[in-house]
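Report on the structure given below.
The values are calculated or read from the model by the stated rules, or taken from the named source; none is laboratory data. Given the structure is predicted, the values throughout are model-derived calculations rather than measurements. Every residue, glycine among them, receives a Cβ derived from its backbone with ideal geometry; neighbour counts consider all protein chains shown.
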Amino acid sequence: VFEPVFRAAWEGWGIVFSWPNLLYPVVGTVLAMTFSAVPGLSGVTLMALAIPFTLTWDPVPLMLIFGPFIGGATFMGSVTAILFNIPGRSSCAAVLLDGHPLAQQGKAKTAIACSASSSALGSTFGILVLVALMPFLRESTLFFGPSEILMLTVWGLTTIAVLVRGSVLKGLAAAGLGLLLSFVGQDPRTAESRYILGSLYLRDGLDLLPVSVGLFAVAGVIELAAGGRRMISEKSRFEQLPGGVREGVLAPWRHFSLFVRSSVIGTLVGIIPGVGGTVASFIAYGHAVQPAKAPENFGKGDIRGPPAPEAAVDAKDGGALVPTLGLGIPGSSGTAMLLLALILHGITPGRAMLTNNLTLVFVLIWSLFLSNWLTSIFGLASVSPLSRLTVLPIAFVAPIILVLATEGVYLAKTQIEDVALAYVFGVLGYLMKAHGWPRIPLIIALVLGRAFERNLQLTLQLHRLGRIYFWSRPLVLSLIILSLTTLAFHYFQDRKARKVQGVLEL
Amino acid sequence: VTRWTGGSAFSIFLLGVAAFFLIQSLSLNPIPRLVPLFIAVPTLALIAVQVSLDLRGNERPGTRVETTVFSASDVYREKALSRIDTLRQTGRKHIGLMWLAIMFGLIYLLGLLPSAPVYSFLYLKVRGRTNWSLSAGIAAGIWLLSYVLLVLLSNSAPYRGKIWIWQQ
């Protein structure tokens, strides 16, 4: 089982790191980074544009250039989230929760460096898991059914209890509203339209990109236009900015167990088709807060905040290739485009590809690996010029942020309704912040709500038909224990904190 | 005593949103309404409790700033200052929302491509009090960026405003 895998891995490595093949991942990474610097544009858009131009290419250069398109675009979405509070993609929304407050404190250099280093390490973790699973690729995907995904979303929802700050009542109500908003659109089982107010646009549900851009970026712009802040950071000169690149690069190493746990979450979520990086990043963020010392620092610019979602999102790419290559089922929108490109070139993913084209599979894997490291290296090289943007006057930055957010949201699907949706959620996000309603429970519930309902209905149906017995599945039981542990841990930690507070007050 | 504040008005708005989901759920078939009803009822109850707390002006201990009052004139002065502060905050809030409304209005009327430089110019000149040449220069740069993004990189034509549609 292992011998052909190792041989193909070695051959694939040789192909990627030979001249002039090495040029493809480098060019692909630069293209992906430039393209994804605009919020809303992603590697998926780039792949869609590239497919017609690459139809005549051989499969090897195709793999070499598409690997960076999958992996190279993730990091830049986090950069705009850190600097301007604009998540480049919905999966980057969790990075801004602590990344942007760090930039506001003048520590943009640290936050970007931390994001870059977590991105490289997280993706390496995901790829190592993918390579380790290669002999058992098909079987590993089949472990996850609707009941496992249901319990994964339940575990994600329990993190809301951990993340609620201030008024618990408002936090739980915001989570409830988020869940209700996630039900807008068609019922997953009967396709009956719900809560759409007669609008065809709402039939597909609320898209996560305009919602997250609205809740954070547009709300941030309203706040900038309303407030007396003069620049994004508290400092007016670049030389005055505290924090350094080294501190950021070392952050995932200093919090190594957090990094490993987040990468495991990302890889697991990636393996499950259709769940996506947004779920991975928010579960990882919640998981970072839960067992942490001084959890009240999260959301205010804690250095432990950015590595968890960043590592999870990048580790997800490796995990998402497991169902794509093993079964021909795309694990994410990026891998769906890759699948399309492969099919157009006459390559059928699945058992045939793993038997006949294993070297080609490794060309893709090593190209993805190389591009993730290149992205982080280029990102680290551009830390200083990027962090200079935080000392520009707000009068210059605010209109540019709004224009970029608006055009980014529009470009994702070229629907003007997305812009209106982002603005509605911008006003909602601004008013929520102004009146002390937390936004994080709302966005997490919105992200997880759809997967929760779909898999709950599927599980109930399968259970009723006698196809599965819910309580006999080991992974389900593990996730139930994990969810209960999360809640119990939070409860006891909260009680302990109250006792300490009581002692301090005495 | 009932306290009508911006916070209580916002809580009532959210109560209305939750009530909308609950009422709409009742008109759905059993399968599509199963999970939404399960969520809508407790959410509505939670927000209703919050609304009642807001309307009663419930303050958590320690959040109120203690002030020493020496005479009746101090009471009036405190009240006047707090009222001015509230008005200032509300005014600032309205300014922020107004700038978003301007951008939305420009997109609706002029379309996506022209609204980006027009909004940037207006913001820089009026809100940022930047000089004419700098405002125009930055607006031109934003137009160029928007042109590259919306026309050269996008496969479809950007949204055209109502003015151009009416003209046709």
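As a summary of the residue check, A:Gln415 satisfies the conditions (1) facing another protein chain (nearest Cβ under 7 Å); (2) at pLDDT 85 or above except for the one numbered (1).
For the stretch A:433-444, the set of residues classified as surrounded by 24 or more Cβ atoms within 10 Å (Cβ to Cβ) and facing another protein chain (nearest Cβ under 9 Å) consists of A:Trp437 only. Among the residues of the stretch B:112-128, those identified as within 8 Å of another protein chain (Cβ to nearest Cβ) and either of a type outside the set (A, V, I, L, M, F, W, C) or on the phi > 0 side of the Ramachandran plot (or both) are B:Tyr119, B:Ser120, B:Tyr123, B:Arg127, B:Gly128.
Candidates are the residues of the stretch A:389-403 that are assigned to a helix (DSSP H, G or I), touching a Ser or Thr at 6+ places or on another chain (Cβ under 9 Å) and at the interface with chain B (Cβ under 8 Å from one of its Cβ atoms); the one that is nearest to B:Gly111 (Cα to Cα) is A:Val403. Could you go through the stretch A:399-409 and let me know if any residue there is surrounded by fewer than 24 Cβ atoms within 10 Å (Cβ to Cβ), touching a Leu at 6+ places or on another chain (Cβ under 8 Å) and touching a residue at least 12 places away in the same chain (Cβ under 8 Å). Scanning the stretch A:399-409 turns up at least one residue that is surrounded by fewer than 24 Cβ atoms within 10 Å (Cβ to Cβ), touching a Leu at 6+ places or on another chain (Cβ under 8 Å) and touching a residue at least 12 places away in the same chain (Cβ under 8 Å). Where residues in the stretch A:326-363 are among the aliphatic types (A, V, I, L, M) and under 21 Å from the mean Cα position of the chain (by Cα), which of them is modelled with the highest pLDDT? The extreme case among them is A:Leu338. Within the stretch B:144-168, the set of residues being in contact (Cβ under 8 Å) with a residue 24 or more places away in the chain, crowded, with 18+ Cβ neighbours inside 10 Å and hydrophobic (A, V, I, L, M, F, W, C) comprises B:Leu150 only.
From the list B:Pro158, B:Pro114, which residue is farther than 25 Å from A:Ala226 by Cβ and part of a loop (DSSP other than H, G, I, E, B)?
Of B:Pro158, B:Pro114, the one residue that is farther than 25 Å from A:Ala226 by Cβ and part of a loop (DSSP other than H, G, I, E, B) is B:Pro158.
If you filter the stretch A:462-492 down to residues that are part of a helix (DSSP H, G or I) and out of contact with any helix residue (DSSP H, G or I) (no Cβ under 9 Å at 6 or more places or on another chain), you find that the one that is modelled with the highest pLDDT is A:Ile481. Restricting attention to the stretch A:1-14, the residues that are outside any loop (DSSP other than H, G, I, E, B) and more than 30 Å from the chain's Cα centre (by Cα) total 9.
Residue by residue, here is whether (1) touching a helix residue (DSSP H, G or I) at 6+ places or on another chain (Cβ under 9 Å); (2) within 16 Å of A:Gly43 (Cα to Cα); (3) among the hydrophobic types (A, V, I, L, M, F, W, C) holds:
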residue: A:Leu339; (1), (2), (3): yes, yes, yes
residue: A:Leu358; (1), (2), (3): yes, no, yes
residue: A:Val361; (1), (2), (3): yes, no, yes
residue: A:Ser367; (1), (2), (3): yes, yes, no
residue: A:Ala381; (1), (2), (3): no, no, yes
residue: A:Leu386; (1), (2), (3): yes, no, yes
residue: A:Val391; (1), (2), (3): yes, no, yes
residue: A:Ile400; (1), (2), (3): yes, no, yes
residue: A:Val409; (1), (2), (3): yes, yes, yes
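Just checking, how many residues over the stretch A:428-461 are under 21 Å from the mean Cα position of the chain (by Cα) and not in a helix (DSSP H, G or I)? Total satisfying the criteria: 2. Between B:Gly96, B:Gly105, B:Gly137, the distinction of being at the interface with chain A (Cβ under 9 Å from one of its Cβ atoms) and of a type in the set (Gly, Ala, Ser) belongs to B:Gly96 only.
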